[in-house]
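**Q** Handing you this structure, nothing more for now.
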Amino acid sequence: IEASQKASYLKGSFSWYDFERPRIATRMELSAELAEFLPFFALDTIESVSGRADLKLNLELKASGKRFTAEDFRQARIEGEMQLKDVNAQINASPLRFRQISGNFVFDNNNVWLKQAQGNFAGNDIELDGKALNVLSYFLR
């Protein structure tokens, strides 16, 4: 898979193995000027967005039966890294703004490591350096 738009591109591969017990393997590399992508998604919660995101991600997902379950997603192998640079976002019908958000996010299966994440949220400066354990399991319960 390859696609590009002005200052953004997407490259990757997608493989589907076996329809009886499906297994998916994908590799993705994305470098995106975020304002270019907003019109492609029906996100009625985001009024505006700008900044840059660079993502490299590998995903391997195996189904325990004929269909994927939430447990299968919790057991998925995810590795990768995303770098945000100068991201600004305005949420619809909200006075809260995200401004100048930058940092690295490392994905290690269910865990996300935040490295030197910083910016401004709702007028408050923030700096984050740490880890969020079992994040995927939390969202898929």
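**Q** Once you sort the root eigenvalues of the Cα gyration tensor of the chain as a ≥ b ≥ c, which label holds: rounded (a/c under 1.5), prolate (a/b larger than b/c) or oblate (the other case)? Show your work: numbers first, answer last.
**A** Working: a/c = 1.94, a/b = 1.54, b/c = 1.26.
Because a/c hits 1.5 or more and a/b exceeds b/c, the chain counts as prolate.
**Q** Helix-only estimate, please: 222 nm mean residue ellipticity of the chain, summing -39500 (n - 2.57) across DSSP H runs of length 4 or more and dividing by its residues, to the nearest 500.
**A** Theoretical 222 nm ellipticity from helices: -2000 deg cm²/dmol.
**Q** Straight-line reach only, C-alpha to C-alpha below 26 angstrom: list the lysines that residue 6 could link to, leaving out same-chain residues fewer than 8 apart.
**A** Of all the lysines, those that pass the test against residue 6 - Cα under 26 Å, at least 8 places apart if same chain - are 56, 85.
**Q** Would you be so kind as to identify which of 55, 43, 75 lies farthest towards the positive end of the dipole of the range 30-116, taking Lys and Arg as +1 and Asp and Glu as -1 on Cβ and the Cα centre as origin?
**A** Of the candidates, 75 comes out farthest on the positive side.
**Q** So, one more: Which ³J(HN,Hα) values in Hz, rounded to whole numbers, follow from the phi angles of the range 52-69 under the Karplus curve 6.51 cos²θ - 1.76 cosθ + 1.60, where θ = phi - 60° and Gly and Pro get x?
**A** My calculation for the range 52-69 gives 10, 10, 10, 9, 10, 9, 10, 9, 10, 10, 10, 8, 7, x, 7, 10, 6, 10 Hz in order.
**Q** Here is a further query. Using a simple spin-label model with points 7 Å from Cα along the Cα→Cβ vector, what separation in nm is obtained for residue 93 and residue 128?
**A** If labels sit at residue 93 and residue 128, their model points lie 2.5 nm apart.
**Q** Continuing with this model, one more query. On a C-alpha basis, how far is the centre of the range 24-61 from the centre of the range 69-136 in Å? Whole number, if you could?
**A** If you average the Cα positions of each part, the centres end up 13 Å apart.
**Q** Can you pull the semi-axes for the range 15-81, root of five times each eigenvalue of the Cα gyration tensor, sorted largest first, whole Å?
**A** Square roots of five times the eigenvalues give 30, 15, 10 Å.
**Q** Let me ask something else. What percent do you get for the relative contact order of the chain when only Cα pairs under 8 Å and 6+ apart count?
**A** Numbers: 339 pairs, mean separation 23.1, N = 141.
Reported relative contact order: 16 percent.
**Q** How much of the accessible area of the chain, in percent, comes from carbon and sulfur atoms when a 1.4 Å probe is used?
**A** Values: 5290 of 9700 Å².
Answer for the chain: carbon and sulfur cover 55 percent of the accessible area.
**Q** Here's another thing I want to ask about it. Normalise the Debye intensity by I(0) for the range 71-141, one equal point scatterer per Cα, no solvent, then take log10 at q = 0.15, 0.22 Å⁻¹ and round to two decimals.
**A** Summing over Cα pairs of the range 71-141 leads to -0.60, -0.95.
**Q** Sticking with this one: Between residue 106 and residue 45, what's the calculated FRET efficiency when r is the beta-carbon distance and R0 is 30 Å? Round to 0.05.
**A** Given R0 = 30 Å and the Cβ-Cβ separation, E is 0.70.
**Q** Rolling a 1.4 angstrom probe over the protein heavy atoms, how many square angstrom per residue are accessible across the chain?
**A** I get 69 Å² per residue for this part.
**Q** What is the magnitude of the charge dipole of the chain about its Cα centre, with +1 placed on the Cβ of each Lys and Arg, -1 on the Cβ of each Asp and Glu, and no other charges, expressed in debye to the nearest 20? Don't skip to the end; give the middle numbers.
**A** On the way: 18 positive and 19 negative charges, 72 e Å.
In total the dipole reaches around 340 debye.
The values are calculated or read from the model by the stated rules, or taken from the named source; none is laboratory data. Note that this is a predicted model, so its numbers are computed, not measured. Backbone-built Cβ (ideal geometry, glycine too); neighbour counts: all protein chains shown. To get the accessible areas, we keep the full protein, side chains included, count just its heavy atoms, and leave off ligands, DNA and RNA. Shrake-Rupley method; radii C 1.70, N 1.55, O 1.52, S 1.80 Å.
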